[in-house]
Amino acid sequence: MMTDTLPTDAAQSDRNEAARAILIANDRGGYTVPTAGLYPYQWNWDSAFASLGFAEFDISRAWQEIETLFSGQWDSGMVPHILFHKPDPGYFPGPDVWGCAGPIPSSGITQPPVALSFATRLLRADPEFGKDRFAALFSKMRAWGEWFLKWRRDEKGAIFVVHPWESGRDNAPDWDDAMSGIDPQDVGFYERRDTQHVDASMRPTKYDYDRYIWLVQRAKRLGWDDAAMAEDNPFRVADPTMHFILLRGMRDLLAAGEELGLDTDGLAGQIAELEAGAESLWNPGMGFYDSYNCNNGIWSNALTNASFLCWFAGLSSPHMETHLQRVLDAAPYGVPSLAPFDPRFDAKRYWRGPTWGMMNMMIGEGATEQGFALGEEVRKRTREVISKYGFVEYFDPMTGEAAGGKAFTWTAAVWLAWAGKEG
Ligand code: DGY
């Protein structure tokens, strides 16, 4: 790769400073917004990444990010994907559309539980400082993990999502089959706000959006009751993002819980079940990890950046290394959210092509942990694309061009915690 474009030492310290400034500017007091305007509330997995960024210069603030996230946890154990701490009319769908009754106004779906792993990282960063704060969160984190096993696990043991937003990969091709079974005729009038902040060509289509809102309306009608929602649910898609991140999170909880002498009863068994369940995400026809529609068994046949989270989950999967090499050969600027040789690839449209720093970090670190040299290559490319195009939401994986929101929290955090580190 074009290493001559990597930052000089002076540029490096400027970039570190700029990344810290983004975290500080997006701090709303105890929690961080992903970016002003487009995402004006606390998002679940964005916050987890924010905590890693803060940990590089303010460990107490890092813990606070995760603690604030758990202040929105429902009695069921679910931790919502958005916490609407303060009203902001610039966002749709806001708290009234969701109509949820948790301890803080929130959405009614969750997001990948990467906070379980990152709380463990905060502990490792300063064990003496973090041990009480970790211990105070431990049973809450376990309750969230158990909620997934109870309400988001299919007959084959794979973790599924009930809304594309739950996965965080909103318009990935993974959901196309299940989305095509939804007829959103009765969705009614609504006004999108996202396309007022970002060019529509970089965002989900109206076809998708109608179905996103229809799914929210269905669940709201059912009072966000897990058992009622589970009946005849038209959208249940087994998702490698959720499965692999949960598996990693449970492993991290077990290791840290044992070190601190906390109650880890049952965790090892749950991990073994998730390990077995991961096998059902292996698409034998394509030879890679994939998602499938739980309602009809149809595979997505999509090699996405989520397929490569297997290593983050602690699975060795050497076959996936060959696939990673193929996509890196096809796309110079990091792991694309969909393989460029897939006809559904769209270089600028959100999760149908662009490369994302935070996914690259989980893929790169996981690969390195498994001893694959490509992990470091993913880091170098992520470092390069951020150096050239800034701390934006995501990037065109073919040209590196900036896309989506600007001054983005998780891209800044990933720079500080991983991509921008001297290596
Ligand atoms: C949005 O509003 O586009 C978000 O991705 C939902 O989480």
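Yes/no per residue for (1) surrounded by fewer than 24 Cβ atoms within 10 Å (Cβ to Cβ); (2) farther than 22 Å from HIS243 by Cβ; (3) over 20 Å from the mean Cα position of the chain (by Cα); (4) hydrophobic (A, V, I, L, M, F, W, C):
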position	(1), (2), (3), (4)
SER387	yes, yes, yes, no
ASP396	yes, yes, no, no
ALA407	yes, yes, no, yes
ALA413	no, yes, no, yes
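Output the number of residues of segment 39-60 satisfying the condition of being away from the ligand (no atom under 13 Å from the Cβ) and in contact (Cβ under 8 Å) with a residue 24 or more places away in the chain. Total meeting the criteria: 12.
Checking LEU254, LEU222, LEU267 one by one, the residue that is touching a residue at least 40 places away in the same chain (Cβ under 8 Å) and either out of contact with any Asp or Glu (no Cβ under 7 Å at 6 or more places or on another chain) or away from the ligand (no atom under 16 Å from the Cβ) (or both) is LEU267 and no other.
Residues are listed down the side, and each one gets a yes or a no for (1) at pLDDT 95 or above; (2) in a helix (DSSP H, G or I); (3) crowded, with 19+ Cβ neighbours inside 10 Å; (4) out of contact with any Cys (no Cβ under 7 Å at 6 or more places or on another chain):
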{"site": "ASP252", "(1), (2), (3), (4)": "yes, yes, yes, yes"}
{"site": "GLU258", "(1), (2), (3), (4)": "yes, yes, no, yes"}
{"site": "ASP263", "(1), (2), (3), (4)": "yes, no, no, yes"}
{"site": "GLU273", "(1), (2), (3), (4)": "yes, yes, no, yes"}
{"site": "SER280", "(1), (2), (3), (4)": "yes, yes, no, yes"}
{"site": "MET286", "(1), (2), (3), (4)": "yes, no, no, yes"}
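Screening segment 85-95 for residues that are away from the ligand (no atom under 15 Å from the Cβ) and modelled with pLDDT of 95 or more and picking the one that is surrounded by the most Cβ atoms within 10 Å (Cβ to Cβ) gives HIS85.
Apart from one condition, TRP74 fits all of (1) within 16 Å of the ligand (Cβ to nearest atom); (2) touching a strand residue (DSSP E or B) at 6+ places or on another chain (Cβ under 9 Å); (3) under 23 Å from HIS163 (Cα atoms); the exception is (1).
Being modelled with pLDDT of 95 or more, acidic (Asp, Glu) and surrounded by fewer than 17 Cβ atoms within 10 Å (Cβ to Cβ) is a description that does not apply to GLU56.
Within the set VAL216, VAL161, VAL187, VAL198, the sole residue that is crowded, with 24+ Cβ neighbours inside 10 Å and either more than 15 Å from the ligand (Cβ to nearest atom) or not acidic (Asp, Glu) (or both) turns out to be VAL161. TYR91 meets each of the listed conditions (1) closer than 30 Å to GLU191 by Cα; (2) without any contact (Cβ under 8 Å) to a residue 40 or more places away in the chain apart from (2).
Go through segment 13-38 and give me each residue that's over 24 Å from MET362 (Cβ atoms) and either basic (Lys, Arg) or within 16 Å of the ligand (Cβ to nearest atom) (or both). Correct list: ARG28, ALA36, GLY37. In the set SER117, SER107, only one residue is among the polar types (S, T, N, Q) and within 14 Å of the ligand (Cβ to nearest atom); that residue is SER107. PRO204 meets the conditions (1) closer than 30 Å to ALA407 by Cα; (2) assigned to a helix (DSSP H, G or I); (3) within 16 Å of the ligand (Cβ to nearest atom) in every case but one. The failed one is (2).
The values are calculated or read from the model by the stated rules, or taken from the named source; none is laboratory data. Computed from a predicted structure; not experimentally measured. For neighbour counting, all protein chains shown are included, and Cβ atoms are generated from backbone atoms with ideal geometry for every residue, glycine included.
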